[in-house]
Amino acid sequence: MGSVSAVFQHFVNGITLGGIYALIALGYTMVYGILKFINFAHGDILMVGAYVGLFCFNFLRGSSSVGPWWLFSFLLAMLFSMCFSAVLGMAIEKFAYKPLRKATRLAPLLSAIGVSFILSNLAAWMFGTQSRKLDYPFTNNPISIGGVSITPHQILILVVASLMMAVLSIFVNKSRLGKAMRACSLDQETSMLMGINSDRIISLTFGLGSALAACGGILISLDIKVYATMGTMVGLKAFVAAVVGGIGNISGAMVGGLILGLLETFGVAVLGIPTSFKDAIAFAVLIVILLVKPQGIMGKTEMEKV
C-alpha cells in the first residue's frame, strides 16, 4: 500500500510541475504556429511577470495578516501581472520582431536572444541580483488524502493551470478571433486575402502567450523565488515541452508539459537521479524525441515546397 501511495504522490507532484510547464509552453507553440519562429525571450517575459506580481501582491496585502484578503490580493496581482506581460509581449513583437518578418529566419531569432539579454540585465540592474521571496497567500500546510500529501499551493497550480488551458481551448476553438488565429496558422497569406488582419492576430497571439507565461511564472515563484535569470531554465524546459508535444500544436503543448513534469518527477524519485541533475532529464527527452519523432507526439509532418 505504501508503494501505491508513493506512486500517486509522485504523480500528483509531476502533474503539478507539468501544469506550469504546459502554461509556459503554450506561448512558444502559439507563436511558432503562426510565424514559424521561436521566441527565446519568452522565459524573460515570465520573469518580468513574476516581478510585477511580487510587487503588486506586496503592495495590495499591505500589513494585513494571512487570510482571505491575502488570497484575493494574490489573484488580483496575478491578473495585473498577466495584463502587464501581455502588453509587454505585444510591444516586443511590434518593435523587435515585426520589422524582421520578411528577413531571413535567423534575424528574428537573433533579435529574440537580444531581447532576452536586455530584459534579464535590465531586471538585474533595477532589482538587484538577490532572489526575492514571494510569500504564499495562505497557510501552505500539506493535506493528507489516502496517504498522498497535497499542499494548497499544488491545488492552486492545478486549478489555475486547468482553468487557463480550458479557457484558451474554448477561445481558440469557439471564438472568431480564435478561428482567425487557426486560419493564420494554416495559411497566413490566404487568411489576409479572406479579410483577416494578420498583424492584429499575431499581436494577440504574443499577448496571450505572454499572459500565460506570467501566470506560470508567478505560480512557480512561490517555490523557486524571483530573480533576474529565473526565466532561462524554466523557459528552456517549457520549450522542450512544446517540442515534445509537437510545437505549433496547442493540445500538444499541454500534453508535452504534463509528460515532462511526470518524467522529471519520476526520474528523481524512481531512477534516483540527483536533484541537482534533474534539469538534464528535459534535454535528454528532447534528444530522444528529435531522434525518434522530430515532429513531436501530436505534431504532423509538413511538406515544404522549395
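The values are calculated or read from the model by the stated rules, or taken from the named source; none is laboratory data. Only a predicted model underlies this, so the values are computations on that prediction, with no experimental measurement involved. Here the Cβ positions follow ideal geometry from the backbone for every residue, glycine too, while neighbour counts run over all protein chains shown.
One residue stands out among those in region 209-237 that are closer than 17 Å to LYS133 by Cβ and hydroxyl-bearing (Ser, Thr, Tyr): the one that is surrounded by the fewest Cβ atoms within 10 Å (Cβ to Cβ), which is THR229. Taking the conditions exactly as written (closer than 28 Å to TRP69 by Cα and either at pLDDT 90 or above or surrounded by 14 or more Cβ atoms within 10 Å (Cβ to Cβ) (or both)), does VAL159 satisfy them or not? Considered against the rule, which asks whether it is closer than 28 Å to TRP69 by Cα and either at pLDDT 90 or above or surrounded by 14 or more Cβ atoms within 10 Å (Cβ to Cβ) (or both), VAL159 comes out as yes.
Among the residues of region 6-30 satisfying the criterion of being among the β-branched types (Val, Ile, Thr) and over 16 Å from PHE266 (Cβ atoms), which is surrounded by the fewest Cβ atoms within 10 Å (Cβ to Cβ)? Only one residue tops the list, namely ILE20.
In region 72-103, what residues are surrounded by fewer than 19 Cβ atoms within 10 Å (Cβ to Cβ) and farther than 19 Å from ASP44 by Cβ? PHE72, LEU75, LEU76, LEU79, PRO99, ARG101, LYS102, ALA103 - these are the residues of region 72-103 that are surrounded by fewer than 19 Cβ atoms within 10 Å (Cβ to Cβ) and farther than 19 Å from ASP44 by Cβ.
Restricting attention to region 75-92, does a residue exist that is more than 21 Å from the chain's Cα centre (by Cα), assigned to a helix (DSSP H, G or I) and either within 23 Å of GLY216 (Cβ to Cβ) or in contact (Cβ under 8 Å) with a residue 40 or more places away in the chain (or both)? The answer is no; no qualifying residue exists. Do we find a residue being within 27 Å of LEU258 (Cα to Cα) and either touching a Cys at 6+ places or on another chain (Cβ under 9 Å) or not aromatic (Phe, Trp, Tyr) (or both) anywhere in region 185-194? Scanning region 185-194, I find at least one residue that is within 27 Å of LEU258 (Cα to Cα) and either touching a Cys at 6+ places or on another chain (Cβ under 9 Å) or not aromatic (Phe, Trp, Tyr) (or both), so the answer is yes. Residue selection: LEU168 satisfies the criterion of being aliphatic (A, V, I, L, M), under 27 Å from VAL255 (Cα atoms) and touching a residue at least 24 places away in the same chain (Cβ under 8 Å).
Here ALA123 clears all of (1) loosely packed, with under 14 Cβ neighbours inside 10 Å; (2) assigned to a helix (DSSP H, G or I) except the condition numbered (1).
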